[in-house]
Amino acid sequence: MAPKTDFPPVRACLFDMDGLLLDTEDIYTLCINMILEKYQRPSLPWSIKAKLQGRPGPAATKLFSDWAQLPISHEDYIDQYYKLQAQHFPNTRALPGIQTLLNDLGRTRYWEVKREKESSSASSSQNGNNTDSPIQDRLPHRVHIALATSSHESNFRLKTNHLTELFSVFETHRRVLGDDKRIPPGRGKPLPDIYLVALKTINDSLPEGEKPITPEECLVFEDSVPGVEAGRRAGMRVVWCPHPMLKKEYEGREAEVLAAQTGEAGDVDVHQLGEINDGWGDYIPTLVDFPYEKYGIIIPPVEVEKEPCMLEGGKLDKDEVVQVVESATAAA
């Protein structure tokens, strides 16, 4: 089929975390292989790891246990696994390009602040204007961001307590974790619920007068195949930036991955799947030098951060950092 090209500009970016923002996938593999080696079992192959990525912990653990057949109880395995994670996750780092990408998207707040300032000074002349016009939609605009990770609260803190500045760009109410009560049991990735909830957190907190963001105006950033499927099932555009070994595992099947047609979720909600080469998904090998223009995103220059209107708004960002630090201290 001919790929769709007439997309509206992206107004929201929704991010996975493990293997996308952070280098945790190799740490997961290290911890698992240490246990496998202890019991003389073969190392975890990427054909199995690919199925574990992006899924909620319980679902991933069951898939792994069925394959590994370890001579220990489930409880013993979990105990050893979590102890190894506690040792290694505090060493996580942001993957290449992530800091710049998040900073750039955060700086698009300038367009919102600037427009509010202009509106307040010329409100009388704008009365009756249609703010939903195509011209208005194509103007530089703020890109809202949210986090959508299968990691549960405790694991999220373990991976991010030392990265509070990096994660401060995600407002607390716009973080959806794997144990979020708004996600029904059994509805984790590759089903779409987590991304639909993430979008709702944005729409519920938009500035007054800003129209709700539609799924078509969202861009999901994922590294895992189940995660790509979740984004596509949510009716959103998807960027797939996989680990090089995962990409190798799906060599020749990239179009299936981007169309969510790998069968990761079985026969559930098959009407939500995409079509091969339908234009809704893109493979990008690295998030360094992200092509914003392709998605209708305009990044203001770094210099705008020094403008008074941005410095005033920056107080909220500082409060957010303090809030994260206080939460991390309380959880420790």
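The values are calculated or read from the model by the stated rules, or taken from the named source; none is laboratory data. The model shown is predicted, which means the values in this text are computed figures rather than measured ones. Using ideal geometry, Cβ is built from the backbone for each residue, glycine included, and neighbour counts are taken over all protein chains shown. Note: areas computed on protein heavy atoms with side chains; ligands, DNA, RNA excluded. Shrake-Rupley method; radii C 1.70, N 1.55, O 1.52, S 1.80 Å.
Computed across the stretch 150-198, the Kirkwood hydrodynamic radius from all distinct Cα-Cα pairs reaches 11.6 Å. Among the chymotrypsin sites (Phe, Trp or Tyr not before Pro) found in the stretch 153-225, not one is both in a DSSP coil and sparsely packed, with 15 or fewer other Cβ atoms within 10 Å of its Cβ.
In this structure, Trp46 and His173 have a Cβ-Cβ separation that, at R0 = 41 Å, corresponds to a calculated FRET efficiency of about 0.70. In this structure the amide hydrogen of Ile145, modeled in the peptide plane, comes within under 5 Å of the amide hydrogens of Cys13, none closer than 5 places in sequence on its chain.
Database remark: amide H of Leu22 closer than 5 angstrom to the amide H of Leu95 (H placed geometrically; neighbours at sequence offset of 5 or more, or on other chains; Pro and chain starts carry no H). Of the residues Pro45, Ile78, Gly235, the one whose Cα sits farthest toward the positive end of the charge dipole of the chain, with +1 on the Cβ of Lys and Arg and -1 on the Cβ of Asp and Glu, is Ile78. Roughly how tilted is helix 193-203, in degrees to the nearest 10 and between 0 and 90, from the longest Cα axis of the chain? Helix 193-203 sits at roughly 20 degrees to that axis. Per residue, the average separation of C-alpha pairs within less than 8 Å and at least 6 apart gives the chain a relative contact order of 27 percent.
Tell me, what are the semi-axes, in whole angstrom and largest first, of the equivalent ellipsoid of the stretch 1-40 as set by the roots of 5 times the Cα gyration tensor eigenvalues?
Equivalent ellipsoid of the stretch 1-40: 40, 14, 5 Å, largest first.
For the chain, the Cβ-based charge dipole about the Cα centre amounts to some 280 debye (Lys, Arg positive; Asp, Glu negative; other atoms uncharged). Stokes-Einstein diffusion of the stretch 155-298 at 10 °C, 1.306 mPa s viscosity, Kirkwood radius from Cα pairs, rounded to a whole number: 97 µm²/s. Computed over the stretch 174-256, the P(r) curve from all C-alpha pair distances, binned at 10 Å from the origin, holds 17, 44, 29, 9, 1 percent per bin. A convex hull fitted around the alpha carbon atoms of the stretch 229-304 yields 111 Å³ per residue. Leaving ligands, DNA and RNA out of it, report the carbon-plus-sulfur percent of the accessible area of the chain at a 1.4 Å probe. After summing per-atom areas, the C and S share lands at 54 percent. Excluding ligands, DNA and RNA, the accessible surface per residue across the chain is 49 Å² with a 1.4 Å probe. Put simply, the stretch 183-231 fits an ellipsoid with semi-axes of 23, 13, 7 Å; these come from the alpha carbon gyration tensor as the roots of five times its eigenvalues, largest first. The magnitude of the dipole of the stretch 231-290, with charges of +1 and -1 set on the Cβ of Lys/Arg and Asp/Glu and taken from the Cα centre, is near 140 debye.
At q = 0.07 Å⁻¹, what is the log10 ratio I(q)/I(0) for the chain, with the Debye formula run over Cα points and no solvent? Debye output, listed in q order: -0.30. Farthest toward the positive end of the dipole of the chain, out of Pro215, Leu147, His162, is the Cα of His162, where the dipole comes from beta carbon charges about the Cα centre.
A simple packing score, the average count of other Cβ atoms within 10 Å per residue, orders the peptides 45-53, 7-15 as 7-15, 45-53, with the highest score first. From its DSSP helices (H runs of at least four residues, each -39,500 (n - 2.57)), the chain gives a residue-normalised ellipticity at 222 nm of -13000 deg cm²/dmol. Give Lys62/Lys189; Lys51/Lys294; Lys38/Lys62; Lys248/Lys294 a once-over and call out the pairs whose C-alpha atoms are over 22 Å from each other. Among Lys62/Lys189; Lys51/Lys294; Lys38/Lys62; Lys248/Lys294, the Cα-Cα distance tops 22 Å for Lys51/Lys294; Lys248/Lys294. Relative to the longest principal axis of the Cα atoms of the chain, the long axis of helix 24-38 lies at roughly 10 degrees.
Residues whose amide H lies under 5 Å from that of Val220, counting only those 5 or more places away or on a different chain, are Leu14, Arg237, Val238, Val239; hydrogens are built 1.01 Å from N in the peptide plane. For the stretch 1-78, the alpha carbon positions stretch 55, 28, 19 Å along the principal axes, listed from largest to smallest.
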